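Some notes on the structure that comes next.
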Amino acid sequence: MTDLGLGSTIILRAMGITKRFPGVLALSDVDLDVYRGEVLALLGENGAGKSTLIKILSGVYTLDEGTIEMEGRSVRFNTPSEAKDAGIGIIHQELNYVAPVSVAENLYMGEIPRKGLFIDYPALYAGARQIMERVGIDVDPRRSIGSCTVSQKQLLEIAKVMSHEVKVLIMDEPTSALNDVETQNLFKLIKRAAASGISVIYISHKLDEIFALADRVVVLRDGCVTGKFMVAETTREQLIATMVGRKLETLYTKTPAKPADVAIEVHSLTSNQLHDITFHARKGEIFGIYGLLGSGHQEIGSAIFGQTLIESGEIVVDGKSVVINSPLDALQHGIAYVPAERKVEGLVLNNTVRVNILVSFYAKEKRRKVINRKFEQGVTRKWIDSLRIKTPSGETITESLSGGNQQKVVLAKWLELEPDVLILNEPTRGIDVGAKAEIYRILDQLCQRGKCVIMITSEMPELLTMSDRIMVMHNGSISGFLDASEASQEAVLTYAIGE
Amino acid sequence: MEATIKDLKVKSIYKKLVSSPDASSLITVSTALLGLILFFSFSSPYFFSKTVFLNIGMYAAIMGTLACSMTFINVSGNIDISGGSQIAVVGMVTAVLIKSGSMPLWLCVLLGVASGTVCGMINGFFITVIKVNAFITTIATMQMLRGIAYLISNGQTLVISDQKFKFLGRGYVSGIPFTLIMLVVFYIVFHIISRNTVFGRTIYMIGGNPLASFLSGIRVQRIKFILYTLNGTMAGCAGIMLASQSGAGLPMAAMNSNMQALSAVILGGAGLSGGRGTILGTFIGVMVLCTLITGMTMLSISSFWQDVIVGVVLLISVSIDAIKSGSLKRKI
């Protein structure tokens, strides 16, 4: 491995890393070397194991098998703080801030300067300014973190991590919510850090970024390393082939929609996070909704479905104006909603597959008050077979299923109601490729049977291949509509960035 | 060959029993009950007799009636600590009505139970409409309702001399205490609700994940309101039984009942995190507590020590459940 031409020492070495979750082998015998001062890209599709790997390196998960060496010494991180003390800093993909905390307090998290028993505010604010200066950001340290923009939060997070002594800086898709200028600034910052001897592990599935930034790239697929390349010596085509490992056509199944009646119309929908949203979706089509983080695209589903309060607007289903105040109202008007966070919003995890599949059926069929186990078992069997849900039986607790199969249980719950409009929010987030392909196939079949599918997604390939029409959101408003024929990654992003 | 298939079946049933947390706590609490009965039978020659068991049943009625509906509250992921105060209010209202002599006894009893229902609706209103935390709401109503119980008679005990009323708490039907019969009826009805109705299923769903339940079309707040109203109604029944047993409306009645009922519910496997627990478990939990207290009294253990021992039994029992579900292997 020394012939990589870096002429540098290995700072972090992971060998034979294996991690299992109930029902899935997330990582299988993964080796990874990180050299001092390099930018190492970790490339792979969603569900390839990138996030699991960095969570092991940063002490969030404990590994099942394998060893980690830091500067030649064997280490084992049981908690995130042990990893931090060893010099591993991580910028997570989702920046979860508690809104009422000030910028300065957040930067110092847990190590706030004190004078005796009291917080030393002058020292806190002066220190915060210094920390921020290093990454070239200037915000008032007294401001609440919740009021900062996504890119400011990102930079603050980097500043926070770099304020400790870091040897390895891990960044998990840091540009997913940044615009071009912000991305360029971030890249400069990363290159400066690398030049000063910090090793950066950069996770992304955007090839352009990897060619612009990284020295080396390691490709993961289905929990295994499928390739290691010097960026200067590889090509896009080679990376895609290594990452996908199969022809893309087999992943997506989509029959173009035929012209048909309008299934649902939304007029001037306005809520806390949405402004004047007007669109319609037709029977037999997949209507894709795209936006960057925080653009409000995620809220459309819950607003239509009666989960969140809407201030004004009208929803018309099949030509009739309907009032939807709760999910129960929505499902009675033939609307179903598969939420983004299936573990939090989609399933009662500690209950069985059977009970989860039937819950909405009983909510709709109010006259059924007594449970008939034979009937329930029949319905459950039907969906386990037709959606190919991999589960020992209908009596299995849903928590023990893999992500893809859990998602199929959520789908089964709604499909049992035969909805006319199916809204899906991030339908394939965090599920493996095989299950993904099956979900696409199910959605395509629904369309062919004349159902209307509204697919809210942040995943560009999914959006571009599956949608018949695309709506792009920016800052709570609609920024553009595109037909499948004219949609390209660039066109969608232009609208999404709001230019 | 057939034998091995049968073997496998037995094994899988056994595995299912041990792997399900509800079954696991049922086994724990049943073992505890058996152990206690054996222990007291050996330590006291008078323990193992029909009279003692009927007494245990009678003693169990007040706490058991309350624990029955409280199980649903706990399964739904909520809590009610105001049950004891509700019982006191019901006793006072019933005593005032009977003493006034202005209406037939059955109406007095009905209105007494209804006063419990109203108490439950007050809890339900604040918890589901104003959406105040359930623990905080019932801390407040616990004190408020206790105060009202005192105010009704200005702190006086109201003696009820109606002989027919005494039957509800102290009567026997062919040798079995009426309260025990009622208790068994309550538990059978609640058991059927929890196992065989959509409503019962819904309680478990709400407790397991209220947000996912709501997004599946369940009217979560409405179900919770019904549960608190039901709990108030059951406190009403318990209040009637207690007033009849003590032959009076006592404003300081049932000071301990709520915590005892809650202990029994938790012993039976319906913790506070929701989605777990069974009516059968609570029934055995009630029996464990009552056997323990009756047995200790027969061995003339002082009531101070009884409190200590009840607390220790509760701690041991929940610790066993926690350890069985792998708490020692978790970091947080």
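Converting phi to 3J(HN,Hα) with the Karplus coefficients 6.51, -1.76 and 1.60 and the offset θ = phi - 60°, the stretch B:80-86 yields 9, 10, 9, x, x, 5, 4 Hz in sequence order, with x at every glycine or proline. Remark on residue A:167: its backbone amide H falls under 5 Å from those of A:88, A:89, a criterion applied only to residues 5 or more positions apart or on other chains, H modelled at 1.01 Å from N.
Candidates A:240, A:117, A:90 compared by Cα position along the dipole of the stretch A:10-244: farthest toward the positive end lies A:117, with charges placed on Cβ.
Each residue of the stretch B:252-261 was assigned a 3J(HN,Hα) from its phi angle through the Karplus curve 6.51 cos²θ - 1.76 cosθ + 1.60 (θ = phi - 60°); the sequence is 9, 5, 6, 4, 9, 4, 5, 5, 5, 4 Hz, with glycine and proline shown as x. In this Cβ point-charge picture (+1 for Lys and Arg, -1 for Asp and Glu), the stretch A:10-244 has a dipole of about 440 debye about its Cα centre.
The largest-to-smallest principal axis extents of the Cα set in the stretch A:10-244 are 54, 37, 34 Å.
Projected over all directions and averaged, the alpha-carbon convex hull of the stretch A:265-496 occupies 12.2 nm². Run the Debye formula on the Cα coordinates of chain A, all scatterers equal and no solvent, and tell me log10 I(q)/I(0) at q = 0.13 1/Å. Results for chain A at q = 0.13 Å⁻¹ read -1.34. Candidates B:112, B:228, A:219 compared by Cα position along the dipole of the protein assembly as shown: farthest toward the positive end lies B:112, with charges placed on Cβ. Cross-link partners for residue A:19 among the lysines, with Cα-Cα distance under 16 Å and sequence neighbours closer than 8 places in the same chain left out: A:50, A:55.
Taking only C-alpha pairs under 8 Å that are 6+ residues apart, what is the relative contact order of the stretch A:10-244 in percent?
RCO, the stretch A:10-244: 29 percent.
Calculate how steeply helix A:433-448 sits against the longest principal axis of the alpha-carbon atoms of chain A, using the helix alpha-carbon long axis, and give the answer as 0 to 90 degrees to the nearest 10. Orientation of helix A:433-448: about 30 degrees from the principal axis.
Take every Cα pair under 8 Å in chain B that's 6+ residues apart, average their separations, divide by the length, and report that relative contact order as a whole percent.
Details: 519 pairs, mean separation 112.6, N = 332.
Dividing the mean separation by the residue count of chain B yields 34 percent.
About its Cα centre, chain A has a charge dipole of approximately 1420 debye under the convention of +1 per Lys or Arg Cβ and -1 per Asp or Glu Cβ, with nothing else charged. In sequence order, the stretch B:130-136 has phi-based couplings of 6, 6, 7, 3, 5, 5, 5 Hz under the Karplus curve 6.51 cos²θ - 1.76 cosθ + 1.60, θ = phi - 60°, and Gly or Pro positions carry x.
In chain B, inverting the average of 1/r over every pair of distinct C-alpha atoms gives 20.8 Å as the Kirkwood radius. Near residue A:226, the amide H atoms lying under 5 Å from its own belong to A:219, A:220, A:221; only residues 5 or more places off or on other chains count, and H is placed 1.01 Å from N. Considering only B:97, B:297, B:133, and ranking their Cα positions along the charge dipole of chain B that arises from unit charges at the beta-carbon of Lys, Arg, Asp and Glu, the one farthest toward the positive end is B:133.
Read-outs: derived from the displayed coordinates by stated rules, not from any lab. Here the structure is a predicted model, which is why all the values come from computation and not from measurement. Using ideal geometry, Cβ is built from the backbone for each residue, glycine included, and neighbour counts are taken over all protein chains shown.
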